[in-house]
Amino acid sequence: MTRKERVIKTLRHEQTDIIPYFTEFTEQAKENMIQYFGNENFESNWGLHLHYIQYWGWPTELPDQPEHFRDDFGAVWNRSGADKDIGAIENPIIQDLEDYTYEFPNVDEQRLRKEFEELIETKEDKFTMAGFGFSMFERSWSLMGMENVLISMIANPDELEVLYDRICDYNLKLIDIALEYDIDGVYFGDDWGQQKGLIMGPNHWRKFIKPRMKRMYERVKSKGKFVMQHSCGDIQDIIGDLIEIGLDCYQTVQPEIYNLELLKERYGSSLTFWGAISTQKLLPYATTEEVKKETTRIMKIMGQGGGYIAAPTHAVAFDVPAENIDAMMEVFLNQKKFM
């Protein structure tokens, strides 16, 4: 069975010989892993099952502002703080939804196609996805600032809906290009949750976000591809909505937030889960033996009947000891021994 076949069976809620698995790293964490293993290609023998790139704006460093980057959409990101991978927005571009002249950038189709071609050339037998980060809510706050977006949901709902339609239309152009290539699915990144509940609440999510995600999911589904959605935080109020509009796989699944047994029981026949191994508490702070024990426990719960891709809840950050990733991978690679 190829890795792609294993993931597809998992997405169809069929039991596989082993649970497919994946992990990825922030840049700082990757440097730590390279030093630990003494090998830049430390992942090459892990047999990871997923293969994707994620476009969210190609930030370019500003020569006159160290650790500041401007993305394709004009947003400037300050990476001088703890977050060296994304950063924090400086000076929102759209200040007034009732009076602004912002135009979305032209799609750099040549560069995008080059990335997709490289993705296909290097996919081996893995399940391969085109990824689009900052796909809706995050794009709006990167342009306006989060407080302004949330206020606009109350103060300027009509104008905000127009902006979300523009974001969706732009994304559909990117999705259409991706769907020309031999990919297996499309991955959307857009954080909606906080540690408890949705940032904007379920009613506003359903009004502003859901209809546009539905359009994008439908475009992917029209070509027979799978839909994967990333969101950090607590989104259990809208899991049913996501299933309704066609989601196949939800990625993050923080065990600090969700009761994994209940989540699997309630939605496991309709939705595949990707993640659930904590980057918030377990991996940064546990011993290696605790990591092995908890990884095994989670895989037994979530892997019953298929529908689970074992992975950390998020790209591994710099605060996770390399020894703990090594311990987690030992379980992934020797599932018959541990399970």
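The values are calculated or read from the model by the stated rules, or taken from the named source; none is laboratory data. Since the model is a prediction, treat every value here as computed from it, not as a measurement. Note that each Cβ is placed from the backbone with ideal geometry, even for glycine, and that neighbours are counted across all protein chains shown.
Taking residues in the stretch 17-34 that are under 13 Å from Ala310 (Cβ atoms), and partners anywhere that are modelled with pLDDT of 95 or more and basic (Lys, Arg), the pairs with Cβ atoms closer than 7 Å and at least 6 places apart or on different chains are Pro20/Arg3; Pro20/Arg6.
If the condition is being within 20 Å of the chain's Cα centre (by Cα), buried (at least 19 other Cβ atoms within 10 Å of the Cβ) and farther than 30 Å from Ser44 by Cβ, then the stretch 144-179 contributes Tyr164, Ile167, Cys168, Asn171, Ile175. Output the residue which, of all residues in the stretch 107-149 that are out of contact with any helix residue (DSSP H, G or I) (no Cβ under 9 Å at 6 or more places or on another chain) and of a type in the set (Ser, Thr, Tyr), is farthest from Asp96 (Cα to Cα). Here the answer is Thr122.
Looking only at the stretch 133-189, which residues are part of a helix (DSSP H, G or I) and among the acidic types (Asp, Glu)?
Glu138, Glu147, Asp158, Glu159, Glu161, Asp165, Asp169, Asp176 - these are the residues of the stretch 133-189 that are part of a helix (DSSP H, G or I) and among the acidic types (Asp, Glu).
Which of the residues that make up the stretch 64-117 are touching a residue at least 24 places away in the same chain (Cβ under 8 Å) and outside any loop (DSSP other than H, G, I, E, B)? Once the filter is applied, which keeps residues that are touching a residue at least 24 places away in the same chain (Cβ under 8 Å) and outside any loop (DSSP other than H, G, I, E, B), the stretch 64-117 yields Ile89, Glu109, Arg111, Leu112, Arg113, Glu115, Phe116, Glu117.
Please find, within the stretch 290-325, the residue that is surrounded by the most Cβ atoms within 10 Å (Cβ to Cβ) out of those that are among the small types (Gly, Ala, Ser) and under 23 Å from Phe37 (Cβ atoms).
Filtering the stretch 290-325 for residues that are among the small types (Gly, Ala, Ser) and under 23 Å from Phe37 (Cβ atoms), the one surrounded by the most Cβ atoms within 10 Å (Cβ to Cβ) comes out as Ala311.
For beta carbons closer than 8 Å, sequence separation of 6+ or different chains, a first residue in the stretch 153-169 that is on the phi < 0 side of the Ramachandran plot and a second that is of a type in the set (Val, Ile, Thr), the qualifying pairs are Leu160/Val149; Leu163/Ile94; Tyr164/Ile209.
Given the criteria at pLDDT below 95, of a type in the set (S, T, N, Q) and part of a loop (DSSP other than H, G, I, E, B), does Gln280 qualify? In short, yes. Could you check the stretch 44-63 and list, in sequence order, the residues that are closer than 21 Å to Lys4 by Cα and touching a residue at least 12 places away in the same chain (Cβ under 8 Å)? Those that are closer than 21 Å to Lys4 by Cα and touching a residue at least 12 places away in the same chain (Cβ under 8 Å): Trp46, Gly47, Leu48, His49, Leu50, His51, Tyr52, Ile53, Gln54. Only residues that are of a type in the set (S, T, N, Q) and in a strand (DSSP E or B) were counted across the stretch 219-274, and they come to 4.
Taken as a whole, the stretch 292-304 holds no residue that is closer than 25 Å to Met228 by Cα, among the hydroxyl-bearing types (Ser, Thr, Tyr), out of contact with any Phe, Trp or Tyr (no Cβ under 8 Å at 6 or more places or on another chain) and without any contact (Cβ under 8 Å) to a residue 60 or more places away in the chain.
The sole residue among Leu62, Leu50 that is aliphatic (A, V, I, L, M) and modelled with pLDDT under 95 is Leu62.
Here Asn203 meets the list (1) free of Cβ contacts under 8 Å to residues at least 24 places away in the same chain; (2) in a loop (DSSP other than H, G, I, E, B) almost entirely, failing just condition (2). If only residues of the stretch 250-274 that are hydrophobic (A, V, I, L, M, F, W, C) and in contact (Cβ under 8 Å) with a residue 12 or more places away in the chain are counted, the one that is surrounded by the fewest Cβ atoms within 10 Å (Cβ to Cβ) is Leu260.
Each residue in the stretch 201-254 was checked for being over 27 Å from Met302 (Cα atoms) and of a type in the set (S, T, N, Q), and 2 pass.
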